[in-house]
1. Would the range A:102-114 turn up any residue that is under 16 Å from the mean Cα position of the chain (by Cα) and surrounded by 19 or more Cβ atoms within 10 Å (Cβ to Cβ)?
2. Go through the range B:26-76 and report how many residues are more than 16 Å from A:Glu180 (Cβ to Cβ), within 13 Å of another protein chain (Cβ to nearest Cβ) and among the acidic types (Asp, Glu).
3. Only one of A:Leu94, A:Leu98 is modelled with pLDDT of 95 or more and within 24 Å of B:Ser199 (Cβ to Cβ). Can you tell me which?
4. Kindly indicate which of A:Val32, A:Val38, A:Val42 is in contact (Cβ under 8 Å) with a residue 24 or more places away in the chain, more than 14 Å from chain B (Cβ to nearest Cβ) and over 28 Å from A:Asp110 (Cβ atoms).
5. Do we have A:Arg172 as at pLDDT below 95 and of a type in the set (Lys, Arg) here?
6. Need a quick list: strands (runs of 3 or more DSSP E) entirely within the range A:114-201 having at least 1 residues that are within 11 Å of chain B (Cβ to nearest Cβ).
7. Can you say whether A:Asp110 is assigned to a loop (DSSP other than H, G, I, E, B), free of Cβ contacts under 8 Å to residues at least 40 places away in the same chain, touching a Phe, Trp or Tyr at 6+ places or on another chain (Cβ under 8 Å) and closer than 24 Å to A:Asp58 by Cβ, as far as the supplied structure shows?
8. Would a scan of the range A:77-84 turn up a residue that is modelled with pLDDT of 95 or more, within 16 Å of the chain's Cα centre (by Cα) and among the hydroxyl-bearing types (Ser, Thr, Tyr)?
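The values are calculated or read from the model by the stated rules, or taken from the named source; none is laboratory data. All figures in this text were calculated on a predicted structure; none of them were measured in a lab. As a convention, Cβ positions derive from the backbone with ideal geometry for all residues, glycine included, and neighbour counts pool all protein chains shown.
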Amino acid sequence: MIKRGHIISIIAVLVFLGVGATWVISKATQSVKVLPGVIKQVPSFDMTSHNGEPFNRDSLLNKISVLDFIFTSCPGPCPIMSNNMKTLYKQYKLHPDLQFISITVDPEHDSLDILNLYADANGVNDNRWKFLRSEMRKVKKLSTNGFLFMSDNLPAGHSVKFVLIDENANIRQYYNGTDEASISILRNHINLFLERLRNSV
Amino acid sequence: MKKYFRFSVLSIVFTYLLIFIGGLVRVAGAGMGCPDWPKCFDRWIPPTSITQLPDHIDPEKFNLVLAWVEYLNRLSGAFVGFIILVSCVYAILHFKNNKRVVFSISSALFFTLVEGWLGSKLVDTVLDPVTITLHLLLALIIIGLIIYSSIQAYYDIKGNFEKDSFYPYHIKYIILGIFACIVIEIIVGTEIRGGLDISRKDNPLIDGVILLKMLGPFKYIHTILGVALLGLVLYLRKLIYDNNYNSSEYMIYAVNSMLILIGAQIVLGETLVFFDVKPIVQLFHMWFSSLLLGLSIAQYTLWEISNRK
């Protein structure tokens, strides 16, 4: 009842689909394994983290960092950004070589005590997420010259971007910290950099 | 009338191809390849280089391969929609008296539009897991309706090709049981697939096989139900091969194809569990399940026709 020709053509179709799909999948897999290039170096800076420890450019070395600028009394995008950061912070709980850094753009109001409360409110219970504070002048300088953000109208006019920084304190890529699609690309890049860091040790 | 039949068969072939491409988008991780809908980076022809991106879309979202894979799915979707539309027109012109044909192909056309809309929602919700599953289930409803319509049209063209067969009444329940098993298997399968995705996000950089082991009881239900399905199909085959019932060659063809597919599904499924969660294996595992569902609907239609004497 079943002709031999039928079987051969069914097998041919399956092989064709299989080979085609394998090709597409391998292309797609390769395409997401490309590390974003170096944009620029993070300049030296000097800040204090919410637990009172000093935090400077060297603290970025040998770790992958995700950094953003926020202020605790911000009504608009910051809660969304911090919430997304919190999700990442939880998801990467087993990866101490990934750190999260939030720099306040409103140091007048955001004292270390307030930053501590903010950290607690975001479920921070270890060293992987730090909230940094410095003088307004220095923050503005770091934001503008260090990270190439528009910083004329701080605190309200701070950027909503997340910055990915590699283990040599190079800025690698910017992501929209309020956009889920952007964050999933960030997640992929974090994985690539962590894998590379792990293999290089 | 023959024209309708030809177009409906074409619709079946292309819809299956489309389900395959849809699965390819999923396993290639290309679902967000175009961040907007229906256009891709605000263009009808997706960008071929990053310089073509419009200003208002973040360039970090652009990945040439993923954009074109996703767009291939949308273009094929539009093409299939067109073929189904043509089928629908022929059905209305030539099968005025056969409500079964007209109603099922028109519903298929309607659901194809809903499917497109659901595709846009997938982009809006950044691939919400429930919406992904609905997107697949709707595709299966569409293919089921076209298969039903096509076989019913064949009946009108050819006369009753099931007139000599006398299936026992309870074969209906066996066929429906198989159908139910396949549907549940597909839903549980998508749950496993989705669970794996969530688990991968929550446990980055951990091997897929280990993540699969961490998943809940769904995976056992999937296996147990698979065995039950195999048993039911073997029983159905025994009935169909019983000389007393004088089964049609179509029925025999369908049940044997089903058996081969289930065999292949077991091999593919075990490969995923024991070796590696390979995207290409996931893709064929999903696609074969859609073929199984189609065969099951074909069997039901044949049984229905065998009762129309």
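1. yes
2. Summing the residues that are more than 16 Å from A:Glu180 (Cβ to Cβ), within 13 Å of another protein chain (Cβ to nearest Cβ) and among the acidic types (Asp, Glu) in the range B:26-76 gives 1.
3. Selected residue: A:Leu98, the only one of A:Leu94, A:Leu98 that is modelled with pLDDT of 95 or more and within 24 Å of B:Ser199 (Cβ to Cβ).
4. None of the others qualify; the one that does is A:Val38.
5. So A:Arg172 fails the test.
6. A:161-165, A:170-176
7. When the stated conditions are applied, A:Asp110 passes them.
8. No, there is no match, as no residue in the range A:77-84 is modelled with pLDDT of 95 or more, within 16 Å of the chain's Cα centre (by Cα) and among the hydroxyl-bearing types (Ser, Thr, Tyr).
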